[in-house]
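The values are calculated or read from the model by the stated rules, or taken from the named source; none is laboratory data. All figures in this text were calculated on a predicted structure; none of them were measured in a lab. Virtual Cβ from ideal backbone geometry, glycine too; neighbours counted across all protein chains shown. What goes into the accessible areas is simple: the full protein's heavy atoms, side chains included, and nothing from ligands, DNA or RNA. Shrake-Rupley method; radii C 1.70, N 1.55, O 1.52, S 1.80 Å.
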Amino acid sequence: MTRARISALAAAVLVLACGRDKPADGGGPGPASTDPTALCVDDGPALAPALPTVAPTCSLGPGVLAHDASRPLGFGFPGGGDELPAGVAYLTFDDGPSDWTGEILDTLAAKGVHATFFVNARNMKGPQGLDATYTDAAGQTSVYRDLLKREVDEGHVIGNHTVDHKDLAALSDDAAADQLDLNEQLVNQALIKTGATPRPLTLVRPPFGSPWHHHAPLPADPAAAADTAGRLVANRGLDVMWTIDSSDSAEWATGESYTRAGGGVTVDASVSYADKVARIQSTVLGDPSIAARAGAIILVHDTHNATRDALPALIDGLRAAGYSFGTIEELARQRWGRPSLTLTPGPGLFDACVAQAQWGCDGATGADPAHSVCGRLWRAYASAGGADKLGAPLGAPATDATTGVTSQPFEHGVLELHPERVAPCTETMTAAP
Ligand SMILES: [Zn+2]
C-alpha cells in the first residue's frame with residue numbers, strides 16, 4: 001500500500017472500534033456512529049470507573065504487558081465487595097466441553113437459560129483436544145468441537161480457561177502466556193472447522209482461580225509469580241472469579257466420570273452419586289446470598305455428570321428464589337456499558353507486541369493463506385460484521401514498512417490496523433475502492 005493510499009484512507013474513516021459493537025448475545029447497548037466520515041472518537045457511555053487509554057508497552061517481553069490498575073479487572077474476587085445485579089444468577093461452566101455438555105445444553109435450552117462456558121481446548125479431552133470424539137447421549141460418535149459450535153449458536157458465551165488447566169501462578173511467564181494464547185488459537189481453529197465465527201476470548205477464568213486461589217506449590221517467589229499470573233490474565237480479558245462454588249469439583253462420587261465410558265478418575269467411595277447431586281443443589285441454593293437475592297456468579301463444571309443431573313432442579317430452585325439468568329458478557333455490558341472486547345487490551349494473539357506471524361489464523365483449516373483473516377484482523381473483521389458486511393478477503397494483510405499500518409482488502413472494504421494510535425482507535429475500515 002502506498003503512502004498516498006494511506007492518506008486517502010485516513011480521510012474517510014469509518015468508526016469500527018468505537019461504539020461499534022452490537023450485542024452478540026442479547027442485552028447491552030446498541031451500536032453508535034456508523035458515519036463514514038466520522039473520526040475515530042470514543043462515543044461510548046461514561047465508565048465507572050473511567051476507562052483509561054493505555055498504550056501497550058513491550059518492556060516485560062512478548063505477551064506480557066504492564067497492567068494499569070485502573071482498568072477493569074473482572075468480577076467476583078475473593079473477599080467480596082463486588083456488587084452484582086440483584087436477583088441475577090450467572091451460571092459459569094468450567095473445563096468442558098465434555099461428554100455431558102450436550103445434555104447440559106439441552107437443559108439450558110429447555111429452561112431458557114444462557115450461561116458462560118470457560119473452555120479447555122485439551123485437558124481431559126487428551127492430546128487431540130477439541131478434535132477428539134466421544135459417545136453422545138444418543139450413542140452416536142460425535143466431535144467435541146461441535147459442542148463449542150452449539151454453545152455459541154445457542155446464545156451462550158465462551159471464555160478462556162487455558163489449554164491444559166495448569167495453575168498459571170506456578171508456571172514461567174512464557175508458559176503461562178502460552179496456556180492462554182494457545183487455548184484461544186485452538187478454540188478458534190475448532191470454531192472455524194465447524195463453520196462458526198472465530199472470536200477473541202475476552203473473558204478469562206484461570207484454572208483454580210489462581211493466583212487469587214492457590215493450588216499447585218508456588219515457585220520460590222510466590223508473590224512475583226502471582227503478580228505475573230494476575231497481569232497475564234488481566235491483559236487478556238476480564239478475569240472472572242465466582243461468588244458461589246457449587247462444590248461439584250470437590251471430588252468424584254461413585255458413578256461419576258467426565259466420560260460416558262466411565263473410569264479415568266479416582267472416586268471417593270464415601271460419597272454416593274445421589275448425595276453428590278443433592279449436595280450441589282443445596283450448596284448453591286442454601287448459600288446465604290441466595291436468600292438475600294444477591295447477584296451470584298456460580299461455579300459449576302460441565303465435566304461432571306452429577307452437575308448435569310443437578311442442573312434442572314438447580315435452575316428451578318433459583319427461579320423460585322426470584323432469580324433470572326445472565327451471561328458474564330451481559331454483566332460486563334451492564335456494569336461498564338460496553339463489551340468486554342473494548343474493556344481489555346485484548347488477548348495475547350492480538351497483542352501489538354506479538355509479531356504478526358505469531359498471531360495465528362485460520363490457515364490451519366487448509367484455506368489459502370493469502371485469503372485468510374488472521375490475528376488481530378480477526379477481531380476487527382468479526383466486530384465489523386464479518387463476511388456479511390465485509391465479504392471475503394481479497395488478499396493477504398500487508399504492513400507498510402514506514403508507517404507500520406497493516407491493511408487487508410475485502411470485497412466490501414479495507415480493514416486497517418494502526419499501531420501508532422491508542423486503543424480503541426487502532427482499527428479502521430474504509431469502503432471498498
Ligand atoms: Zn477448571
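Go through LEU168, LEU186 for me and flag whichever is more than 20 Å from PHE77 (Cα to Cα) and among the hydrophobic types (A, V, I, L, M, F, W, C).
Matching residue, one of LEU168, LEU186: LEU186.
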*asked:* Going residue by residue through the range 136-144, is there one that turns out to be within 16 Å of the ligand (Cβ to nearest atom) and of a type in the set (Gly, Ala, Ser)?
replied: no
*Given the conditions (1) under 21 Å from the mean Cα position of the chain (by Cα); (2) open to solvent by less than 60 Å² (accessible area, probe 1.4 Å), and given that GLU103 satisfies all but one, which numbered condition is not satisfied?*
(1)
*Output yes when any residue across the range 91-106 is within 16 Å of the ligand (Cβ to nearest atom), aromatic (Phe, Trp, Tyr) and in contact with a strand residue (DSSP E or B) (Cβ under 6 Å, 6 or more places away or on another chain), and no when none is.*
yes
*Taking TRP242, is it modelled with pLDDT under 75 and either within 16 Å of ALA177 (Cα to Cα) or within 15 Å of the ligand (Cβ to nearest atom) (or both)?*
no
*The lone exception for GLU420 - which of (1) of a type outside the set (A, V, I, L, M); (2) touching a strand residue (DSSP E or B) at 6+ places or on another chain (Cβ under 8 Å); (3) modelled with pLDDT under 75; (4) open to solvent by 10 Å² or more (accessible area, probe 1.4 Å) it fails*: (2)
*Enumerate the pairs (first residue in the range 162-175 and at positive phi; second residue anywhere and within 11 Å of the ligand (Cβ to nearest atom)) with beta-carbon separation below 6 Å, excluding pairs fewer than 6 apart on the same chain, so at least 6 apart or on different chains.*
THR162/PRO207; HIS165/ASN120; HIS165/ASN123; HIS165/PRO207
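Among the residues of the range 299-313 satisfying the criterion of being without any contact (Cβ under 8 Å) to a residue 60 or more places away in the chain and away from the ligand (no atom under 16 Å from the Cβ), which is farthest from the chain's Cα centre (by Cα)?
That would be ALA313.
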*Evaluate the following for VAL187: is it within 16 Å of the ligand (Cβ to nearest atom), at pLDDT below 80 and buried (at least 24 other Cβ atoms within 10 Å of the Cβ)?*
no
*asked:* Condition first: in contact with a Gly (Cβ under 6 Å, 6 or more places away or on another chain), under 17 Å from ILE244 (Cα atoms) and not basic (Lys, Arg). Now tell me which residues in the range 268-310 satisfy that.
replied: LEU285, ILE297, ASP302
*Just one of VAL240, VAL265 is open to solvent by 30 Å² or more (accessible area, probe 1.4 Å) and β-branched (Val, Ile, Thr); which is it?*
VAL265
_I'm trying to understand the selection: among the residues of the range 114-128, which are within 12 Å of the ligand (Cβ to nearest atom) and surrounded by 24 or more Cβ atoms within 10 Å (Cβ to Cβ)?_
PHE117, PHE118, VAL119, ASN120
*Could you list all residues from the range 149-181 that are hydrophobic (A, V, I, L, M, F, W, C) and within 16 Å of the ligand (Cβ to nearest atom)?*
ILE158, VAL163, LEU168, ALA169, ALA170, LEU171, ALA176, LEU180
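Of the residues ALA196, ALA220, ALA216, only one is away from the ligand (no atom under 14 Å from the Cβ), part of a loop (DSSP other than H, G, I, E, B) and at pLDDT below 70; which?
Only one candidate passes the filter, namely ALA220.
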*asked:* Checking the condition at pLDDT below 95, open to solvent by less than 10 Å² (accessible area, probe 1.4 Å) and not polar (S, T, N, Q), which residue from GLY337, GLY348, GLY363 passes?
replied: GLY348
*Quickly run through the range 245-255 and pick out the residues that are within 15 Å of the ligand (Cβ to nearest atom) and part of a loop (DSSP other than H, G, I, E, B).*
SER246, SER247, ASP248, SER249, ALA250, GLU251
